[in-house]
1. Output the pairs from Lys38/Lys88; Lys82/Lys419; Lys419/Lys443 with a Cα-Cα distance over 31 Å in this structure; if there are none, say none.
2. Along each principal axis of its Cα atoms, how long is the chain end to end? Whole angstroms, biggest number first, please.
3. Give me the one-decimal nm value for the distance between modelled label points at Thr24 and Asp78, 7 Å along each residue's Cα-to-Cβ direction.
4. At what distance in nm do the modelled label points of Ala257 and His431 sit from each other, each positioned 7 Å from its Cα along Cα→Cβ?
5. Using the alpha-carbon centroid of each, what span in Å lies between region 106-120 and region 282-353?
6. Give the aspartates and glutamates reachable from Lys432 as a straight Cα distance under 18 Å; neighbours fewer than 8 places away on the same chain don't count.
7. With an 8 Å cut-off on Cα pairs and a minimum separation of 6 or more residues, tell me the relative contact order of the chain in percent.
8. Give the residue list of trypsin sites (Lys or Arg not before Pro) in region 229-321 that are DSSP loop and have at most 15 other beta-carbon atoms within 10 angstrom.
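Bear in mind these aren't lab numbers, they're just calculated from the coordinates by the rules spelled out. Computed from a prediction, not measured in an experiment: that's the story for all the values here. Cβ atoms come from the backbone with ideal geometry, glycine included; neighbour counts cover every protein chain shown.
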Amino acid sequence: MTQKITDGTLTQKRTYNNFGDLKTQKDQVFKLELRRKKARIAKKEETIVKLVPRKKKKKGFKKQKQHVTYHYSYDERDRLIKVEKGGKKNSRVTVEEYRYDSNGNRAWANVYGIETTGSYTLDDNLIVYGDNTYRYDEDGYLAEKTTPHGTTTYSYGTMGELREVVTPTTSTGSVTVTYEYNALNQRVAKLIDGEITEKYLWADLATLLAIYDKDDNLVQRFEYADGRIPVAMTDSNGTKYYLHYDQVGSLRAVSDASHNVIKEITYDTFGNILTDSNEAFKVPFGFAGGLYDTDTQLTRFGYRDYDAYTGKWTAKDPIGFAGGDSNLYGYVLGDPVDFVDAEGLFIQFAIPFLPEITITAGELVTAAVASLASLISGDTREDASSKTSPITPRRRKGVWTCAVVACCNDNIPNNCPEKNNQKCKQAVWKHKNRSIAEKEAEKRAKRRLKCQAKHVTVTCTGPQGQIYHRGGK
């Protein structure tokens, strides 16, 4: 496990428990402490260190610590039901409460004093949530949202990618937000009323390398260490900023090279922004490391867009039930404290870094720039389904649990089914011997696929919390 990361200016240190779970993460600006109970995070402490001017005649700055503690409670299905804020038990304040229906839809919530109720169809489509009403199209994609301020419409492409959002008409008119994609389903451009405002350069489906303006001038470049979210950002003037995250990868603070806090963001547990200390300072990353769009209030994760207000995706999981949830619109089984879904496909443990892999920004930039033309033009033959990966199984006493995803070989004529949610299948098997668990899970995944497999990805969790991974592309 990585214990220290530094570039000479910022140094991040980490500690882990006996099962390899993150226990503490600390740098000069942000400190995170986690305590678990029954494999779930039960307590989280966050500390932001700010530099403030000394009083009166004293020169320079002093450190001021801003500390907050959260306590989490779950129901019998491990869904989040209560969030308390505060330290000692008798001084805690309940700030969030949630109740769910039989298929995991949020039926009622009280978030920082605002109470909402929701109703759904048998297909888990939203009908009403709070003061808003919703309508879905024949393919199960969110088509309209009507609020007291008007109606927002949503349009999608053939792969279910969000293509256009038209906001309600106000005194200044409505706004049309349009997105462009390449053949890998990577969002490569954003347009406002027909004018390009941003272009995106990706290393893969969830790793954003840079943002450019309409004239291809660099706006922001991102640097990575050992995880899926960047640790630093350089703007068009060459100024470097550092990005600080919580355990799921939500951006909590931005600091400069002198450790001054430039921006601080707070969220509720499902990702609604509560406060933003510097809205004028734009950073694309938001809740759980997704690409947040201030114009639509949606967060992009790989294949889908997430609405933090409802805690639901705007579209069904493109790989169907292989994603690990019987509710195809549900977000991480109702537990956004412990899980993430970085690609909009699979539920995974909320580890914002990869324990045994280090990726440098230079390597990512070199690989991405070499294929920039093909990414933007869409001239590529790589199947986006090959990017899928299995959920990380929960640790079970005395056995290895292996999850395997097998995806069909589209190079063989008429081999793959037409429906995208049938192109990959997942199976899980457990055994005291890892090799046996792996082989049995793979055999069952291929059997469910009912066609010749091309890519097989394996993730196993051992009895002591060990993680084994094989395959993928």
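1. With Cα atoms farther than 31 Å apart: Lys82/Lys419.
2. 79, 59, 49
3. 2.7
4. 5.6
5. The distance from the Cα centre of region 106-120 to that of region 282-353 comes to 19 Å.
6. The qualifying aspartates and glutamates are Glu440, Glu442.
7. Details: 1070 pairs, mean separation 45.7, N = 473.
For the chain, the relative contact order is 10 percent.
8. Here the trypsin sites (Lys or Arg not before Pro) that fit, given the DSSP loop and packing criteria, are Lys282.
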